[in-house]
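Undergrad: The following block contains the structure, expressed as structure tokens.
The values are calculated or read from the model by the stated rules, or taken from the named source; none is laboratory data. As the structure is a prediction and not an experimental result, all values here were calculated from the model. Here the Cβ positions follow ideal geometry from the backbone for every residue, glycine too, while neighbour counts run over all protein chains shown.
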């Protein structure tokens with residue numbers, strides 16, 4: 001499984017503890033919501049970086065008061081058609097102001113990387129023979145945004161307004177206007 005973080009192929013420093021009876025004493029840990037709630041005191045008193053994994057049926061409000069303690073929040077896509085993690089990512093970035101690593105895990109498909117990036121994910125676990133090439137291709141595939149999102153890409157309406165402000169001629173799709181110079 002490859003991990004792309006901030007556009008760079010990287011090694012995962014977090015020990016995944018889901019399914020383990022005990023938490024590791026050394027190193028960064030990724031816990032699920034139940035483990036976080038059970039071992040919060042222990043995790044906060046350690047030097048470890050802590051990440052939490054939310055399932056798609058676990059809303060970010062469950063960790064809203066604890067967000068400042070996480071270096072990583074991983075959102076699981078259990079199947080490609082479950083869109084809740086997209087909404088959760090946007091909420092984490094905009095409403096809860098999470099600025100750390102936001103990771104897409106689970107059923108992460110190359111066709112969805114661009115949209116995941118737009119809503120605020122900055123790291124992705126997925127299978128690929130050449131993950132960096134796949135990542136770049138996914139981001140370059142689309143270049144027009146119709147709706148604003150958690151990213152800083154300019155939307156088509158913002159581009160249109162910029163052209164009007166700069167008094168640049170707008171292209172018309174109406175053939176009569178083009179012939180008449182209007």
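Undergrad: Being modelled with pLDDT of 90 or more, more than 19 Å from residue 49 (Cα to Cα), touching a strand residue (DSSP E or B) at 6+ places or on another chain (Cβ under 8 Å) and surrounded by fewer than 18 Cβ atoms within 10 Å (Cβ to Cβ) is the filter here; which residues of region 93-113 pass it?
TA: Once the filter is applied, which keeps residues that are modelled with pLDDT of 90 or more, more than 19 Å from residue 49 (Cα to Cα), touching a strand residue (DSSP E or B) at 6+ places or on another chain (Cβ under 8 Å) and surrounded by fewer than 18 Cβ atoms within 10 Å (Cβ to Cβ), region 93-113 yields only 107.
Undergrad: Of all residues in region 126-136, count the ones that are exposed (fewer than 14 other Cβ atoms within 10 Å of the Cβ) and not in a loop (DSSP other than H, G, I, E, B).
TA: The qualifying residues number 2.
Undergrad: crowded, with 19+ Cβ neighbours inside 10 Å and in contact with a helix residue (DSSP H, G or I) (Cβ under 6 Å, 6 or more places away or on another chain): does that describe residue 70?
TA: no
Undergrad: Inspect region 114-125 for any residue being modelled with pLDDT under 90, outside any loop (DSSP other than H, G, I, E, B), in contact with a strand residue (DSSP E or B) (Cβ under 6 Å, 6 or more places away or on another chain) and under 16 Å from residue 56 (Cα atoms) and give the result as yes or no.
TA: Checking region 114-125: at least one residue is modelled with pLDDT under 90, outside any loop (DSSP other than H, G, I, E, B), in contact with a strand residue (DSSP E or B) (Cβ under 6 Å, 6 or more places away or on another chain) and under 16 Å from residue 56 (Cα atoms).
Undergrad: Among the residues of region 39-58, are any more than 24 Å from residue 24 (Cβ to Cβ) and either loosely packed, with under 15 Cβ neighbours inside 10 Å or in contact (Cβ under 8 Å) with a residue 60 or more places away in the chain (or both)?
TA: Within region 39-58, one or more residues are more than 24 Å from residue 24 (Cβ to Cβ) and either loosely packed, with under 15 Cβ neighbours inside 10 Å or in contact (Cβ under 8 Å) with a residue 60 or more places away in the chain (or both).
Undergrad: Looking at (1) within 15 Å of residue 7 (Cα to Cα); (2) touching a helix residue (DSSP H, G or I) at 6+ places or on another chain (Cβ under 6 Å); (3) not in a strand (DSSP E or B), can you tell me which one residue 104 breaks?
TA: (3)
Undergrad: Working only within region 21-41, note down all residues that are touching a helix residue (DSSP H, G or I) at 6+ places or on another chain (Cβ under 9 Å) and assigned to a loop (DSSP other than H, G, I, E, B).
TA: Answer for region 21-41, where residues must be touching a helix residue (DSSP H, G or I) at 6+ places or on another chain (Cβ under 9 Å) and assigned to a loop (DSSP other than H, G, I, E, B): just 23.
Undergrad: Identify all residues within region 59-88 that are touching a residue at least 12 places away in the same chain (Cβ under 8 Å), in a loop (DSSP other than H, G, I, E, B) and under 18 Å from residue 118 (Cβ atoms); write none if there are none.
TA: 80, 82
Undergrad: For region 49-58, check the following and say yes or no: at least one residue is more than 16 Å from residue 101 (Cα to Cα), out of contact with any helix residue (DSSP H, G or I) (no Cβ under 6 Å at 6 or more places or on another chain) and at pLDDT below 95.
TA: Within region 49-58, none of the residues are more than 16 Å from residue 101 (Cα to Cα), out of contact with any helix residue (DSSP H, G or I) (no Cβ under 6 Å at 6 or more places or on another chain) and at pLDDT below 95.
Undergrad: Restricting the search to region 90-99, which residues are touching a helix residue (DSSP H, G or I) at 6+ places or on another chain (Cβ under 7 Å), under 22 Å from residue 29 (Cα atoms) and assigned to a helix (DSSP H, G or I)?
TA: Residue satisfying the conditions is 92 alone.
Undergrad: Only one of (1) modelled with pLDDT under 80; (2) over 20 Å from residue 14 (Cβ atoms) is not met by residue 135, so which one is it?
TA: Just one mismatch for residue 135, condition (2).
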